[in-house]
Amino acid sequence: MSDKKKFKDTTVGKMLLGATGLINPTLGSVLQGVTSPKEAIAEIGKSKISNDDKIKLQQLIYDQQNKEIESITSRWEADANSDSWLSKNVRPLVLVWCIVIFSFAGILDSVEDIPFHIGELWNDTFEKVMMAVVLAYFGGRTTEKATSMFKK
């Protein structure tokens, strides 16, 4: 069972489904089954509503996603500017932890004399966690550096 929220229960989903009721009520039923903003944009593109309505709805999705990204960036910047050692170092520590655990598990799994095997579900899950952590860390650092360069 997945703990991931259904698209209709996310902030973007609630906003989009509410907006579709105002812009074009028949589109709301089309979007009930979508699971991601990408799917919502694809369904909007396939729907038989006016191009102006398609553009309005797709713009709402992009705007909301940008707000969420800006919110995350501002939280990371606040952490970086904090006086707390932990808040400044939590992202690098999580990155190091993930690399160490992933490497250690990979080595244990590859030694034939050790009865240790990473299950497919765990391997897939940890791969996604590693990608998210690495992208968030280096993407966040790049954003912080770019922001500080533009401020200068």
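The values are calculated or read from the model by the stated rules, or taken from the named source; none is laboratory data. No experiment lies behind these values; they were computed from the predicted model shown.
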Filtered residues of the range 106-152 (kept if within 17 Å of residue 77 (Cα to Cα) and not hydrophobic (A, V, I, L, M, F, W, C)): 137, 139, 140, 141, 142, 143, 144, 145, 147, 148, 151, 152
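Could you say which residue among 72, 118 is under 30 Å from residue 38 (Cα atoms) and modelled with pLDDT under 85? Break it down stepwise before answering.
Working: 118 fails: under 30 Å from residue 38 (Cα atoms).
The match here is 72.
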